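S.K.: Before anything else, here's the structure in question.
The values are calculated or read from the model by the stated rules, or taken from the named source; none is laboratory data. Since the structure is predicted, the reported quantities are computational estimates derived from the model, not experimental observations. Using ideal geometry, Cβ is built from the backbone for each residue, glycine included, and neighbour counts are taken over all protein chains shown.
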Amino acid sequence: MKTDITVMKKYIASIKNNKTIAIYLITAILCLLFSACAINNPATQNKKLTAQSADDSRIAYGTRGQGETTLLFVHGWLCDHKVWQPQIDYFSNHYKVAWLDLAGHGDSETNRQKFTMSAFAQDVKSVSDKVGGEKIILIGHSMGGPIVIETAKLLGEKVVGIVGVDAFYTPLASVPEAMKLVFLEKLKNNYPVALEETVKSMFAKSANPDLINLYYKNMLAADHKMGISSLYECIKWNSQKEPLELKKFSSKLYNINGAPTGKEKVLHESVVLISDVGHFVAQIKPDEFNAALEKIIENSKD
């Protein structure tokens, strides 16, 4: 490194009569040096780590950024942490951000047979224990909603905010449980076809078909047995626990939901609607979602 700097100095000295060129060179060198520091600075890199859940499942997680408040992102059914990339990139500039792949999803490994919401919550807790932080905001998309509620029960007062993303107070909440169980049977009998129909229903009519197909392929790649078990457990949680648990955490709970037609009604005072987007609110309209979440984070500080 010293040799490189000596060479640079000699070269600059050789053109000292041309001040303009010298200034440009010095500026370029400084930019390169600072860029190298940024590239090698751990604070600017994703940290990919592993935690051990209560049943010894190996949970892949990561963290980036620094701050007094930790934002812990939990993905939904058949997805993984990558769905949160726009949020990881944005919020890690001002907060400590953490994410994970739930057991049986993404890079996480498990021998789990029953994928309950409380078992998934243990996955999240294992990551929270590793990441640390006395002020935590849990953000859960879809099935991640029930999971972060169960996680909040484990973490107690550390949780200063809970955000459900198209998880609670959605039009799906009014669908009878019997119809949901009919779909579950359809999934068992013809998994690829039933899943494709479901994924299509998750998007607004204006959505790009190629994008829908990409999500379908990614979700289809997840373990089918885990998919059926976790969906059954999520339906059971929604029917048996949701009303009581949402009331219990009402002072901390916020919701950001999609409004595919733009005509949907706000079903609860805690809900913020984002128009012309279906189930994948944060991914399809990241700027609007990030702005809504940022307001919620500020409210959680009060």
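S.K.: Name every residue in segment 188-212 that is touching a residue at least 12 places away in the same chain (Cβ under 8 Å) and assigned to a loop (DSSP other than H, G, I, E, B), in order of residue number.
M.R.: Once the filter is applied, which keeps residues that are touching a residue at least 12 places away in the same chain (Cβ under 8 Å) and assigned to a loop (DSSP other than H, G, I, E, B), segment 188-212 yields Met202, Phe203, Ala204, Lys205, Ser206, Ala207.
S.K.: What are the residues in segment 234-261 that are touching a residue at least 24 places away in the same chain (Cβ under 8 Å) and small (Gly, Ala, Ser), if any?
M.R.: The first filter runs over segment 234-261 and keeps only residues touching a residue at least 24 places away in the same chain (Cβ under 8 Å), leaving 234-235, 237-239, 241-242, 245-246, 249, 252-258, 260-261.
Scanning segment 234-261 gives Ser239, Gly258.
S.K.: Considering only residues of segment 165-187 that are small (Gly, Ala, Ser) and touching a residue at least 12 places away in the same chain (Cβ under 8 Å), which is nearest to Met117 (Cα to Cα)? Full working, then the answer.
M.R.: Within segment 165-187, the first condition is being small (Gly, Ala, Ser), and the residues that meet it are 167, 173-174, 178.
The next check asks that each one be touching a residue at least 12 places away in the same chain (Cβ under 8 Å); those that pass are 167, 173.
Details: Ala167: 13, Ala173: 17 Å.
Selected residue: Ala167.
S.K.: Now for a different question. Return the pairs, sorted by first residue and then second, in which the second residue is assigned to a helix (DSSP H, G or I) and modelled with pLDDT of 95 or more, the first residue lies in segment 152-164 and is of a type in the set (Val, Ile, Thr), the beta carbons are less than 7 Å apart, and the residues are 6+ apart or on different chains.
M.R.: Val159/Ala152; Ile162/Val148; Ile162/Ile149; Ile162/Ala152; Val163/Leu293; Val163/Ile296
S.K.: Check segment 150-168 and report whether any residue there is of a type in the set (Ser, Thr, Tyr), at pLDDT 95 or above and either farther than 21 Å from Trp237 by Cα or not assigned by TED's automatic domain parsing to the domain that holds Ser118 (or both).
M.R.: In the first step, residues of segment 150-168 are kept if they are of a type in the set (Ser, Thr, Tyr); the result is 151.
Retained after the next criterion (residues that are at pLDDT 95 or above): 151.
Checking the rest, the ones that are also either farther than 21 Å from Trp237 by Cα or not assigned by TED's automatic domain parsing to the domain that holds Ser118 (or both) come to none.
Scanning segment 150-168 turns up no residue that is of a type in the set (Ser, Thr, Tyr), at pLDDT 95 or above and either farther than 21 Å from Trp237 by Cα or not assigned by TED's automatic domain parsing to the domain that holds Ser118 (or both).
S.K.: When you go through Asp223, Asp210 one by one, which is the residue that is of a type outside the set (Ser, Thr, Tyr), touching a His at 6+ places or on another chain (Cβ under 9 Å) and surrounded by fewer than 16 Cβ atoms within 10 Å (Cβ to Cβ)? Outline the logic, then answer.
M.R.: On the way: Asp210 fails: touching a His at 6+ places or on another chain (Cβ under 9 Å).
Being of a type outside the set (Ser, Thr, Tyr), touching a His at 6+ places or on another chain (Cβ under 9 Å) and surrounded by fewer than 16 Cβ atoms within 10 Å (Cβ to Cβ) holds for just one of Asp223, Asp210, which is Asp223.
S.K.: Residue check: is Val281 closer than 19 Å to Phe91 by Cα, surrounded by 20 or more Cβ atoms within 10 Å (Cβ to Cβ) and of a type outside the set (Asp, Glu)? Walk me through it before giving the result.
M.R.: Numbers: closer than 19 Å to Phe91 by Cα: yes; surrounded by 20 or more Cβ atoms within 10 Å (Cβ to Cβ): yes; of a type outside the set (Asp, Glu): yes.
In short, yes.
S.K.: If we keep just the residues of segment 120-150 that are assigned to a helix (DSSP H, G or I) and polar (S, T, N, Q), which is nearest to Gly62 (Cα to Cα)? So that I can check it myself, show each step before the final result.
M.R.: Here is the first cut: in segment 120-150, the ones assigned to a helix (DSSP H, G or I) are 120-131, 144-150.
If we keep only those that are polar (S, T, N, Q) as well, we get 122, 126, 128.
On the way: Gln122: 16, Ser126: 12, Ser128: 11 Å.
Checked segment 120-150; the qualifying residue nearest to Gly62 (Cα to Cα) is Ser128.
S.K.: Here are some residues: Ile296, Ile274. Which one is in contact with a Gly (Cβ under 7 Å, 6 or more places away or on another chain), aliphatic (A, V, I, L, M) and farther than 30 Å from Ser108 by Cα? Before the answer, list the steps.
M.R.: On the way: Ile296 fails: farther than 30 Å from Ser108 by Cα.
Answer to the check: Ile274.
S.K.: Hey, could you check segment 262-297 for residues that are touching a residue at least 40 places away in the same chain (Cβ under 8 Å) and polar (S, T, N, Q) and say which is farthest from Lys252 (Cα to Cα)?
M.R.: Gln283
S.K.: Is it fair to say Tyr215 is closer than 18 Å to Asp80 by Cβ, part of a helix (DSSP H, G or I) and aromatic (Phe, Trp, Tyr)?
M.R.: Values: closer than 18 Å to Asp80 by Cβ: yes; part of a helix (DSSP H, G or I): yes; aromatic (Phe, Trp, Tyr): yes.
For Tyr215, the condition - closer than 18 Å to Asp80 by Cβ, part of a helix (DSSP H, G or I) and aromatic (Phe, Trp, Tyr) - is met.
S.K.: Step by step: first the residues of segment 56-90, then only those that are free of Cβ contacts under 8 Å to residues at least 60 places away in the same chain and at positive phi, then the one that is farthest from the chain's Cα centre (by Cα). Which residue is that?
M.R.: Checking each candidate, the answer is Asp56.
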